[in-house]
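**Student:** Next up is a structure, given as structure tokens.
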Amino acid sequence: VGRGVAAKAASRPEYIANRIDDPNYVRIFDTTLRDGEQSPGATLTSKEKLDIARQLAKLGVDIIEAGFPIASPDDFEAVKAIAIEVGNDVQPDGYVPVICGLSRTKFADLERAWDAVRHAKRPRVHTFIATSQIHMEHKLRMSPDQVVESAVAAVRHLKSLGCEDIEFSPEDAGRSEPEFLYGILGEVIKAGATTLNIPDTTGWNLPHEFGGLIAAIKANTPGIENAIISTHCQNDLGLSTANSIAGAMAGARQIECTINGIGERAGNASLEEVVMAIALRGEKQMGGLRTGIRPVHIYPTSKMVSDYSGMMVQPHKAIVGANAFAHESGIHQDGMLKSRETYEIMTPESIGLQRNPEDAGIVMGKHSGRNALSTRLKQLGFDLSTNEVDDVFRRFKALADKKKGITDEDLLALVSDEVHKP
Ligand code: KIV
């Protein structure tokens with residue numbers, strides 16, 4: 001970080017941490033409370049939204065998209081309450097997250113969004129309009145010129161209201177003509193937009209295509225050097241994390257994502273996946289990329305969002321699923337008992353999940369091996385001879401073939417049969 005950057009950082013208010021001056025710093029924009037809440041059945045109360053926003057601030061999220069204020073009076077109140085409380089609460093590292101509200105380009109929407117977020121120390125309005133041919137023709141029924149006009153007018157209107165931090169999204173950018181994107185993005189930058197978010201709204205792109213789109217936008221959009229490029233990847237093909245990472249590697253410095261990957265249809269890029277990929281591989285394999293997230297708060301945040309939203313986390317979900325640190329096969333269990341690095345690329349404790357230090361995540365089932373069984377029996381207090389363990393192991397396998405999983409109670413019954421056998 002050069003002297004100019006240091007001077008710029010020193011002249012900033014304290015609540016804007018100098019982490020953003022690092023050119024490799026990737027801002028994490030969490031949209032759990034907006035796109036995430038758009039998951040069918042995931043509606044949250046205002047109190048739940050406020051609790052989650054507080055937790056997101058603790059997690060170290062840079063920007064919290066708190067809602068879509070024009071959508072309902074309740075959403076307006078929730079965004080406003082988050083702006084007032086979380087948007088003025090200084091975190092231990094001196095940082096205050098940006099509080100953002102979503103808005104179409106209609107003036108009434110923009111005013112409502114600004115009215116909700118303006119109470120925060122660092123308010124942002126995120127405005128969007130679709131730019132793909134299919135959306136402009138069939139949904140908006142507007143010509144491309146009218147779309148550009150509407151986008152520019154929205155950004156100018158926000159500026160006239162006093163909003164300085166303006167994000168613009170060309171919705172369905174992943175299926176839009178790149179040349180049209182360069183043009184509209186250049187115009188909104190001229191009008192005052194500071195973040196350009198590139199949504200792959202339908203999850204259509206492959207990682208190399210999305211990375212290529214970000215690189216092309218960076219190379220061809222006039223004025224882009226004064227703005228932050230952002231990604232917003234939906235998960236319709238299960239590629240949202242890969243696409244977000246490809247975007248960051250191509251120059252995006254903001255990633256939009258949600259806790260547990262909840263969101264419209266198949267969801268959004270999952271915060272925990274994106275963040276842990278960057279935490280584990282960012283320095284060496286991604287040219288030094290980093291985020292400001294404190295991973296130790298990931299698991300409690302995931303649990304809170306799943307409890308409040310009623311959106312269960314699938315057991316095999318990366319990072320936060322119940323099986324993410326569980327080991328059933330004998331070969332894996334044997335490896336884990338010898339060294340945890342054999343089958344775990346991060347520790348559960350690093351994401352805030354406390355595991356019994358003795359059990360190494362070992363789950364007893366039909367694939368378990370003798371070493372795992374004998375270790376578990378010792379932990380349960382049984383000191384059996386080799387022959388006894390062999391016998392219990394044989395009966396354990398027979399039982400495991402008939403059951404989905406073997407509990408400690410099952411093991412106790414097997415040992416008790418062994419001890420009391422005639
Ligand atoms: O998926 C999408 O395009 C969006 C935009 C509003 C960013 O949610």
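**Student:** Regarding the stretch 355-373, can at least one residue be identified that is among the basic types (Lys, Arg) and at pLDDT below 90? Show your work before the answer.
**Tutor:** Filtering the stretch 355-373 for residues among the basic types (Lys, Arg) gives 355, 366, 370.
With the extra rule that they be at pLDDT below 90, the set shrinks to 355.
Within the stretch 355-373, one or more residues are among the basic types (Lys, Arg) and at pLDDT below 90.
**Student:** Just to be sure I understand, how many residues within the stretch 113-133 are within 16 Å of the ligand (Cβ to nearest atom) and outside any helix (DSSP H, G or I)? Break it down stepwise before answering.
**Tutor:** Taking the stretch 113-133 first, the residues within 16 Å of the ligand (Cβ to nearest atom) are 113, 117, 124-133.
Then drop every residue that is not outside any helix (DSSP H, G or I), which leaves 124-132.
Result for the stretch 113-133: 9.
**Student:** Identify all residues within the stretch 133-153 that are touching a strand residue (DSSP E or B) at 6+ places or on another chain (Cβ under 8 Å) and touching a residue at least 12 places away in the same chain (Cβ under 8 Å); write none if there are none. Give the steps one after another, and end with the answer.
**Tutor:** Of the residues in the stretch 133-153, the ones touching a strand residue (DSSP E or B) at 6+ places or on another chain (Cβ under 8 Å) are 135-136, 139-140, 147, 150-151.
Across the stretch 133-153, the qualifying residues are His135, Val147, Ser150, Ala151.
**Student:** Of the residues Glu273, Glu225, which is among the acidic types (Asp, Glu), surrounded by fewer than 17 Cβ atoms within 10 Å (Cβ to Cβ) and in a helix (DSSP H, G or I)?
**Tutor:** Result: Glu225 is the single residue among Glu273, Glu225 that is among the acidic types (Asp, Glu), surrounded by fewer than 17 Cβ atoms within 10 Å (Cβ to Cβ) and in a helix (DSSP H, G or I).
**Student:** OK, next. Check off (1) surrounded by fewer than 17 Cβ atoms within 10 Å (Cβ to Cβ); (2) at pLDDT 90 or above for Asp417 and give me the number that stays unchecked.
**Tutor:** Condition not satisfied by Asp417: (2).
**Student:** Would you pick out the residues in the stretch 258-314 that are acidic (Asp, Glu), touching a residue at least 60 places away in the same chain (Cβ under 8 Å) and more than 16 Å from the ligand (Cβ to nearest atom)?
**Tutor:** Glu272
**Student:** When the residues of the stretch 134-190 are narrowed to those that are among the β-branched types (Val, Ile, Thr) and under 22 Å from Phe29 (Cβ atoms), which ends up farthest from the ligand (Cβ to nearest atom)? Please lay out each step first, then the result.
**Tutor:** Just the residues of the stretch 134-190 that are among the β-branched types (Val, Ile, Thr), to begin with: 134, 147-148, 152, 155, 166, 184, 188-189.
Those left that are additionally under 22 Å from Phe29 (Cβ atoms): 155, 166, 184, 188-189.
Working: Val155: 15, Ile166: 14, Ile184: 14, Val188: 14, Ile189: 17 Å.
Ranking the qualifying residues of the stretch 134-190, first place goes to Ile189.
**Student:** Do we have any residue at all in the stretch 247-254 that's part of a helix (DSSP H, G or I), within 16 Å of the ligand (Cβ to nearest atom) and surrounded by 20 or more Cβ atoms within 10 Å (Cβ to Cβ)? Break it down into steps so the answer makes sense when it comes.
**Tutor:** Going through the stretch 247-254, the residues part of a helix (DSSP H, G or I) turn out to be 247-249.
Of the ones still in play, those that are also within 16 Å of the ligand (Cβ to nearest atom) are 247.
Filter once more, so that each one left must be surrounded by 20 or more Cβ atoms within 10 Å (Cβ to Cβ): 247.
Yes - at least one qualifying residue is present in the stretch 247-254.
**Student:** Could you go through the stretch 338-347 and let me know if any residue there is among the small types (Gly, Ala, Ser), surrounded by 18 or more Cβ atoms within 10 Å (Cβ to Cβ) and either within 25 Å of Ala277 (Cα to Cα) or touching a residue at least 24 places away in the same chain (Cβ under 8 Å) (or both). So that I can check it myself, show each step before the final result.
**Tutor:** Of all residues in the stretch 338-347, those among the small types (Gly, Ala, Ser) come to 339.
From the residues that got through so far, the ones that are surrounded by 18 or more Cβ atoms within 10 Å (Cβ to Cβ) too are none.
Taking every residue of the stretch 338-347 in turn, none turns out to be among the small types (Gly, Ala, Ser), surrounded by 18 or more Cβ atoms within 10 Å (Cβ to Cβ) and either within 25 Å of Ala277 (Cα to Cα) or touching a residue at least 24 places away in the same chain (Cβ under 8 Å) (or both).
**Student:** Let me ask something else about it. Those residues that are among the β-branched types (Val, Ile, Thr) and free of Cβ contacts under 8 Å to residues at least 40 places away in the same chain, I need them from the stretch 57-78; list them, please.
**Tutor:** Taking the stretch 57-78 first, the residues among the β-branched types (Val, Ile, Thr) are 61, 63-64, 70.
Result: Ile64, single match.
**Student:** Pull up the stretch 351-402, narrow it to residues that are of a type in the set (D, E, K, R) and touching a residue at least 24 places away in the same chain (Cβ under 8 Å), then point me to the one that is nearest to Asp334 (Cα to Cα).
**Tutor:** Initially, the stretch 351-402 is screened for residues of a type in the set (D, E, K, R), giving 355, 358-359, 366, 370, 376, 378, 383, 388, 390-391, 394-395, 397, 401-402.
Narrowing the set further to residues that are touching a residue at least 24 places away in the same chain (Cβ under 8 Å) leaves 355, 366, 370, 376, 388, 391, 397, 401.
Values: Arg355: 18, Lys366: 14, Arg370: 9, Arg376: 12, Glu388: 20, Asp391: 19, Lys397: 16, Asp401: 20 Å.
Step by step, filter the stretch 351-402, then rank; the result is Arg370.
**Student:** Just one of Val117, Val125, Val98 is under 24 Å from Val155 (Cβ atoms) and touching a Cys at 6+ places or on another chain (Cβ under 6 Å); which is it? Full working, then the answer.
**Tutor:** Numbers: Val117 fails: touching a Cys at 6+ places or on another chain (Cβ under 6 Å); Val98 fails: touching a Cys at 6+ places or on another chain (Cβ under 6 Å).
The conditions single out Val125.
**Student:** For the structure I just gave you, tell me whether Leu237 is over 14 Å from Ala173 (Cα atoms), surrounded by fewer than 22 Cβ atoms within 10 Å (Cβ to Cβ) and aliphatic (A, V, I, L, M).
**Tutor:** Details: over 14 Å from Ala173 (Cα atoms): yes; surrounded by fewer than 22 Cβ atoms within 10 Å (Cβ to Cβ): yes; aliphatic (A, V, I, L, M): yes.
Yes.
**Student:** Under 9 Å between Cβ atoms, which residue pairs at least 6 apart in sequence (or on different chains) link something in the stretch 204-218 that is closer than 15 Å to Leu181 by Cβ with a partner that is among the basic types (Lys, Arg)?
**Tutor:** Trp204/Arg175; Asn205/Arg175
**Student:** Continuing with this model, one more query. Would you mention how many residues in the stretch 93-122 are surrounded by fewer than 20 Cβ atoms within 10 Å (Cβ to Cβ) and more than 22 Å from the chain's Cα centre (by Cα)?
**Tutor:** Looking only at that region, the number is 10.
**Student:** Which of the residues belonging to the stretch 73-112 are at pLDDT below 95 and small (Gly, Ala, Ser)?
**Tutor:** Hit for the stretch 73-112 is Gly94, nothing else.
The values are calculated or read from the model by the stated rules, or taken from the named source; none is laboratory data. Nothing here was measured: the structure is a model prediction, and the numbers come from that model. Heads up, the Cβs are rebuilt from the backbone with ideal geometry, glycines too, and the neighbour counts pull from every protein chain shown.
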